[in-house]
Structures are given as C-alpha cells and as structure tokens.
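The values are calculated or read from the model by the stated rules, or taken from the named source; none is laboratory data. Just so we're clear, the structure is a prediction, and the values are computed from it rather than from any experiment. Glycine also receives a Cβ, built like all others from the backbone with ideal geometry; neighbour counts cover every protein chain displayed.
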Amino acid sequence: MLAGMSMFFLMLCPLIISPTYAQLDSLIFRNGDRLIGEVKEMDKGVLTFETDYSDSDFKIAWNEIDRVYTETYFLITLTDGSRYNGSIFSTDSVNVNIIQGDAFENIPLRTIVFLKSVDADFWSKFYASLDLGYSLTKANQLQQFSVRSTFGYLAARWSADASYNNVYSSREDTKAVRRIDANITYRFFLPNDYYLLPQVSWLSNTEQNLALRTTSKLGLGKYLIHTNHTYWGVQAGVSFNNEDFSSETTTRRSGEGFIGTELNMYDIGDLNLLTNIVAYPSLTESGRWRIDYTFDFKYDLPLDFYINLGFTLNYDNQPADNASTTDYVIQTSFGWEL
C-alpha cells in the first residue's frame, strides 16, 4: 500500500512542481544571437516578441532576423497575397517551412509580410488610435476642438475598420464652423492579394452647405505592392450617394462609379505615411464628379504616443447652391494608439 502511494506521489510531483511554460519560439539573428520566448505578431516590418524575463515586449526589425522556429500557430500573409495558417520552421537562412498539420510549404523568409497568432484573444486582434486637440483664445472667445480616431479588427480572412473625425470652431461674432466625417469599411481577403470592399461613409460640413452625405460603396481592390516596407493598392466599384443640404429642401440621390488608390509607407524610421485618393464620376448626373483625398504623416513617440499631421480634401464640381466646390482641413495633433 505504502509502495503504491509512494509511486503515485513520485509520478505526481513533476506535475506539481514543474512550472507552466509558454510556447517556446526561437529567433536567431544575423549576428548569431538567439532569443527564446513567444512571437506575438509581425506587421509592417516589426516583430513583437514576449519573454519571461522582461516586463515589456521586444520590438524587433524583421530584416534583422536570420532564422525563426515557432510552436505558435499563425495567420501568415505573403507578398503575393497568399495566406496560410501554421507554424514556422527555418530550413536555412533563406527559406522556411510553413507547417500545417502533416503538410508543409517551403517559402523564402522575406516573403512573409504579416504574422498573427491564430489563437489570439479578441483584444490582440483589435487596434485603435485617438488624437485630440483643443484651443481657447480670449479674443472673440474663439474655441477650436478636433478629434481624429480609428478602430479596427483583423480576423483570419477579413478585417473591419471604422474612423470618426470631427473639427469644430466657434467664436462670438460669427457662425460656428464644423466638419464631421466617418466611415465603416469591411475587407474580405481573396487569393492573389485581391479583396472585396463594402464601405459606408458619412460627411457633413458647413463650407459646402452639406448637412449629411451618405455614400455606400461596393467594389474590388488589389494590393500591387505588399511588402514589409510598403503597401500600395488600387480599388474600383460602384456607389450610391444620398445628400441633404442645409441650403436646399430637396434631397439629392445619385449613382456613381469610383476608382482610387492608397499608399502606406512605414519602414522609414519612426515615420509613417498614409495617403489615398478616390474619384467618383457620376453615373446619373451629367458631368458631375467628386474627389476625396487624405494624407497622414505620423511620427512615433515612446509608449505608443505619436504626433500626427493630417490633411483632408473634398471636391465636388456641382455642389449645393451658394456653396464652395472645395472643403479641406489641416490638423496637427497628439495621439495614442492601442
């Protein structure tokens, strides 16, 4: 009896006293150094790596890594838009195997542009940023307030993004000036770096007497360049435009086509550049066309803070009566991102 209990205790001890380890992933750098811990993700040329001996995650330039060995399973995206779920095992300093169960795919390491843990919880797939600005001048009681915000969620085969921007200015001797724009964008990823693009956007501004414009879009997009340095893509499709104007009692409804392009550059030190332009030729109103253009220049600071310079332009060659064809806003702000 005692012998049996002793044997049971000896078998149980290792389970009791052994620590619980996280998945062990290994990185080998070009200089031969090795790091052991857990790969969290890799995006925009930067890999996030967690270790037991540091309170903060390491941020590592992807091009400094020579070999990768993981137990973690990832959603993996390549430069040609191919997507895999699996772990990574380097075969040499150039190539890796993406292991999916009993099968594997051998690819060059540098063709990987995105990694995300498949079993990551909700918050690790969620991202957000928030910029705030406010100023008050005693003369004429001038007040200015601005908000720029983005929210997003990335899943294995789709992503959803939303943004809300608000600029408000008032003074005692004139009418208040306001501008609000927002959108919700969904992307469903297809082979060869194509994606479906449903989107709804809203715009309201006093410069164009625009009480509210709602634009619903459905299109197809493709990334032409998709690397650890740059994303560049194009998109085209159709849209439906519903507009209410503060200077008119009637509502304008129209069908439009759209064609646009977007450039995102992020491997320039602490600087990031994002710009896009979309043209809307009308299909139902003769000679009408619109343009939406944005430009964002961001400088990263410690602790996920940043400074941002943003420019947004809206052009309409057939605006409401007594309204301007062009409205634009330039914002400098201080923000934080999740």
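So, in the range 287-338, how many residues would count as being modelled with pLDDT of 85 or more and charged (D, E, K, R)?
7
Taking the range 220-253 on its own, how many of its residues are closer than 20 Å to Phe114 by Cβ, in a strand (DSSP E or B) and not basic (Lys, Arg)? If you could, list the steps in order and put the result at the bottom.
Applying the first criterion (closer than 20 Å to Phe114 by Cβ) to the range 220-253 yields 221-235.
Those still in the list that are in a strand (DSSP E or B) too: 221-226, 230-235.
Checking the rest, the ones that are also not basic (Lys, Arg) come to 221, 223-226, 230-235.
So the count comes out to 11.
Restricting the range 215-239 to residues that are surrounded by 15 or more Cβ atoms within 10 Å (Cβ to Cβ) and more than 17 Å from the chain's Cα centre (by Cα), which is nearest to Ile268 (Cα to Cα)?
Ala236
Among the residues of the range 317-338, write down those that are under 22 Å from Leu130 (Cβ atoms), loosely packed, with under 14 Cβ neighbours inside 10 Å and touching a residue at least 60 places away in the same chain (Cβ under 8 Å).
Across the range 317-338, the qualifying residues are Thr332, Phe334, Leu338.
Inspect the range 151-164 for any residue being more than 19 Å from the chain's Cα centre (by Cα), without any contact (Cβ under 8 Å) to a residue 40 or more places away in the chain and crowded, with 16+ Cβ neighbours inside 10 Å and give the result as yes or no.
No, the range 151-164 contains no residue that is more than 19 Å from the chain's Cα centre (by Cα), without any contact (Cβ under 8 Å) to a residue 40 or more places away in the chain and crowded, with 16+ Cβ neighbours inside 10 Å.
For every residue, the table says whether it meets (1) at pLDDT 95 or above; (2) more than 30 Å from Arg178 (Cβ to Cβ); (3) in the same structural domain as Lys59 (by TED's automatic domain parsing).
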| residue | (1), (2), (3) |
| --- | --- |
| Leu190 | no, yes, no |
| Glu207 | no, no, no |
| Ala211 | no, no, no |
| Glu248 | no, no, no |
| Gly257 | yes, no, no |
| Asn264 | no, no, no |
| Asp270 | no, yes, no |
| Glu285 | no, no, no |
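Go through the range 269-306 residue by residue and tally those that are hydroxyl-bearing (Ser, Thr, Tyr), assigned to a strand (DSSP E or B) and within 14 Å of Asn317 (Cα to Cα).
Residues flagged as hydroxyl-bearing (Ser, Thr, Tyr), assigned to a strand (DSSP E or B) and within 14 Å of Asn317 (Cα to Cα) within the range 269-306 amount to 2.
So Asn314 passes all but one of these: (1) farther than 22 Å from Leu224 by Cβ; (2) loosely packed, with under 15 Cβ neighbours inside 10 Å. Which condition number does it fail?
(2)
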